[in-house]
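**Student:** Encoded as structure tokens, here's the structure I'll be asking about.
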Amino acid sequence: MLPVTPHGKASVAPAKRWCVILAGGDGTRLQRLTRLICADGRPKQFCPLVSNDTLLEQTRKRAERSIPREHTLFPLTRSHRAFYLQELGIRPSQRIVQPANKGTAPPILYSLLSIERNDKEAIVAILPCDHHYSDERTFTAVLESAFDVAAHTGSVVLLGSHAQGPEIEYGWIELGASVGDATSASFHVLGFCEKPSFQVARELLERGSLWNTFVMVGNVRSFLEMVNAALPGLVEAFRESQLWAGEEVHIADSLYDGIHSVDFSREVLSVQTRRLVALQLGRAGWSDLGHPKRVMAVLQAAGLEPWWMKEWQASRRRPAVAAPLTDQAVA
């Protein structure tokens with residue numbers, strides 16, 4: 001029996017569902033914290049920040065509540081090999097290893113083209129691996145709805161979280177008319193603003209705009225049409241490359257040598273808003289764990305106090321010790 005969305009419609013069949021979990025980032029803003037916890041230089045996705053599982057393992061389990069395990073791909077970065085090999089829940093056949101981190105667009109595009117070759121009618125969810133949800137059941141229910149909305153509208157669905165303040169580090173979704181009746185939780189996207197100034201963020205907050213979680217669901221063709229309209233040269237270059245075919249693949253250095261770093265939010269979403277639908281997350285309690293303060297807030301809200309928390313808080317209170325002046329420093 002197929003899962004049923006809150007709207008009462010049968011959701012997309014599991015065989016048509018695919019997932020891309022973005023796991024190739026460098027996590028530099030959390031590096032001091034992850035080094036304290038793990039005593040090495042691993043990025044945050046390979047670190048157990050808010051439970052005994054790493055963030056990547058938590059995301060994998062989150063995806064598998066809705067998507068077949070064998071239909072989940074993990075774009076990774078070669079320099080993180082020592083860390084991603086420790087992720088026992090990820091099979092080699094699921095790994096797509098890029099030679100370097102060149103932003104979010106290249107691994108998303110490579111994964112989409114690979115999925116298209118396997119199933120041209122696939123509905124694909126794209127999940128970042130550094131998120132926390134205080135209510136996982138609500139997130140799963142909303143993801144089910146996103147699959148349904150994407151299948152019925154042909155749009156790419158963005159999950160949006162209710163804004164708690166004028167945040168300048170998030171992307172914002174400006175809402176247009178509702179999709180369907182007035183009680184619908186999905187909206188046409190009027191505009192998309194990536195990391196606005198404080199003044200613009202305050203105006204977006206006042207207009208009821210949502211934070212963009214960067215969780216996306218859409219038909220693989222809809223995604224590729226959107227990327228091709230924004231970055232036609234990149235799509236053509238990737239189509240000519242060796243794509244994933246059901247086993248671990250390493251993207252050729254020559255392919256990445258010829259491209260610059262490309263941000264999917266800024267260079268695709270921001271210029272393709274007419275193809276987007278926003279779906280409200282409701283009470284899922286989303287947090288982006290991109291900054292130590294957000295990690296601390298999540299732990300405190302959950303009443304958790306891991307062994308490293310007091311040491312981290314103490315280190316933040318210590319005054320910085322100035323290095324002794326040398327002739328070279330004075331010069």
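The values are calculated or read from the model by the stated rules, or taken from the named source; none is laboratory data. Keep in mind that this is a model prediction, so the values were computed, not measured. Neighbour counts run over all protein chains shown; Cβ positions are idealised from the backbone, glycine included.
**Student:** Kindly indicate whether any position in the stretch 89-106 is of a type in the set (S, T, N, Q), more than 14 Å from the chain's Cα centre (by Cα) and closer than 22 Å to Asp40 by Cβ. Steps first, answer last, please.
**Tutor:** Step one: filter the stretch 89-106 for residues of a type in the set (S, T, N, Q), giving 93-94, 98, 101, 104.
So of that shortlist, the ones also more than 14 Å from the chain's Cα centre (by Cα) come out as 93-94, 98, 101.
Still in the running and closer than 22 Å to Asp40 by Cβ: 98, 101.
Yes; the residues of the stretch 89-106 include at least one that is of a type in the set (S, T, N, Q), more than 14 Å from the chain's Cα centre (by Cα) and closer than 22 Å to Asp40 by Cβ.
Residues are listed down the side, and each one gets a yes or a no for (1) hydrophobic (A, V, I, L, M, F, W, C); (2) closer than 24 Å to His132 by Cα; (3) at pLDDT below 95:
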{"residue": "Leu22", "(1), (2), (3)": "yes, yes, no"}
{"residue": "Thr28", "(1), (2), (3)": "no, yes, yes"}
{"residue": "Cys38", "(1), (2), (3)": "yes, yes, no"}
{"residue": "Arg62", "(1), (2), (3)": "no, yes, no"}
{"residue": "Tyr110", "(1), (2), (3)": "no, no, no"}
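**Student:** Cβ-Cβ under 9 Å, sequence separation 6+ or interchain: first residue in the stretch 47-71 and without any contact (Cβ under 8 Å) to a residue 40 or more places away in the chain and more than 16 Å from Gly25 (Cβ to Cβ), partner part of a loop (DSSP other than H, G, I, E, B) and basic (Lys, Arg). Which pairs?
**Tutor:** Partner pairs satisfying both residue conditions: Arg69/Arg91; Glu70/Arg91.
**Student:** Then there's this: Looking at the stretch 267-293 only, could you name the residues that are surrounded by fewer than 17 Cβ atoms within 10 Å (Cβ to Cβ) and of a type in the set (D, E, K, R)?
**Tutor:** Arg274, Arg283, Lys293
**Student:** How many residues are of a type outside the set (Gly, Ala, Ser), out of contact with any Pro (no Cβ under 9 Å at 6 or more places or on another chain) and part of a helix (DSSP H, G or I) when one looks only at the stretch 265-319? If you could, list the steps in order and put the result at the bottom.
**Tutor:** As a first pass, look at the stretch 265-319 and keep what is of a type outside the set (Gly, Ala, Ser): 266-269, 271-277, 279-281, 283, 286, 288-289, 291-296, 298-300, 304-313, 316-319.
Filter again for out of contact with any Pro (no Cβ under 9 Å at 6 or more places or on another chain), leaving 266-269, 271-277, 279-281, 283, 286, 289, 291-296, 298, 300, 304-305, 307-311, 313, 317-319.
If we keep only those that are part of a helix (DSSP H, G or I) too, we end up with 266-267, 269, 271, 273-275, 292-296, 298, 300, 309-311, 313, 317.
Qualifying residue count, the stretch 265-319: 19.
**Student:** Is there a residue being in contact with a Gly (Cβ under 8 Å, 6 or more places away or on another chain) and surrounded by fewer than 15 Cβ atoms within 10 Å (Cβ to Cβ) anywhere in the stretch 258-265?
**Tutor:** We begin by selecting, within the stretch 258-265, every residue in contact with a Gly (Cβ under 8 Å, 6 or more places away or on another chain); these are 261-265.
Then drop every residue that is not surrounded by fewer than 15 Cβ atoms within 10 Å (Cβ to Cβ), which leaves 261.
Among the residues of the stretch 258-265, at least one is in contact with a Gly (Cβ under 8 Å, 6 or more places away or on another chain) and surrounded by fewer than 15 Cβ atoms within 10 Å (Cβ to Cβ), which makes the answer yes.
**Student:** Turning to a different aspect of this structure: Take residues that are charged (D, E, K, R) and tell me which of the helices (runs of 4 or more DSSP H) falling wholly in the stretch 48-130 contain 2 or more.
**Tutor:** Numbers: elements: 55-64, 81-84, 105-118.
Those helices (runs of 4 or more DSSP H) span 55-64, 105-118.
**Student:** Output the residues belonging to the stretch 9-32 that are within 18 Å of His152 (Cβ to Cβ) and charged (D, E, K, R).
**Tutor:** Once the filter is applied, which keeps residues that are within 18 Å of His152 (Cβ to Cβ) and charged (D, E, K, R), the stretch 9-32 yields Lys9, Lys16, Arg17.
**Student:** Does Pro166 satisfy the criteria of being in contact with a strand residue (DSSP E or B) (Cβ under 9 Å, 6 or more places away or on another chain) and in a loop (DSSP other than H, G, I, E, B)? Outline the logic, then answer.
**Tutor:** Values: in contact with a strand residue (DSSP E or B) (Cβ under 9 Å, 6 or more places away or on another chain): no; in a loop (DSSP other than H, G, I, E, B): yes.
No; evaluated as a whole, the condition is false for this residue.
**Student:** Another question, if that's okay. Can you find a residue that is surrounded by fewer than 23 Cβ atoms within 10 Å (Cβ to Cβ), assigned to a loop (DSSP other than H, G, I, E, B) and within 17 Å of the chain's Cα centre (by Cα) anywhere in the stretch 26-34?
**Tutor:** yes
**Student:** Only one of these is of a type in the set (Gly, Ala, Ser), touching a strand residue (DSSP E or B) at 6+ places or on another chain (Cβ under 8 Å) and modelled with pLDDT of 95 or more: Ser178, Ser265, Ser184, Ser209. Name it.
**Tutor:** One residue alone meets the criteria, Ser209.
**Student:** Could I ask something else about it? When the residues of the stretch 143-169 are narrowed to those that are surrounded by fewer than 24 Cβ atoms within 10 Å (Cβ to Cβ) and within 16 Å of the chain's Cα centre (by Cα), which ends up modelled with the highest pLDDT?
**Tutor:** Here the residue is Ser161.
**Student:** Within the stretch 247-288, count every residue that is of a type outside the set (Val, Ile, Thr), more than 17 Å from the chain's Cα centre (by Cα) and closer than 22 Å to Ser186 by Cα.
**Tutor:** Taking the stretch 247-288 and keeping what is of a type outside the set (Val, Ile, Thr), we get 247-248, 250, 252-258, 260-261, 263-267, 269-270, 272, 274-276, 278-288.
Retained after the next criterion (residues that are more than 17 Å from the chain's Cα centre (by Cα)): 247-248, 250, 252-258, 260, 272, 274-275, 282-283.
Add one more test, that the residue is closer than 22 Å to Ser186 by Cα, and what stays is 272, 274-275, 282-283.
Going through the stretch 247-288 one residue at a time, the tally reaches 5.
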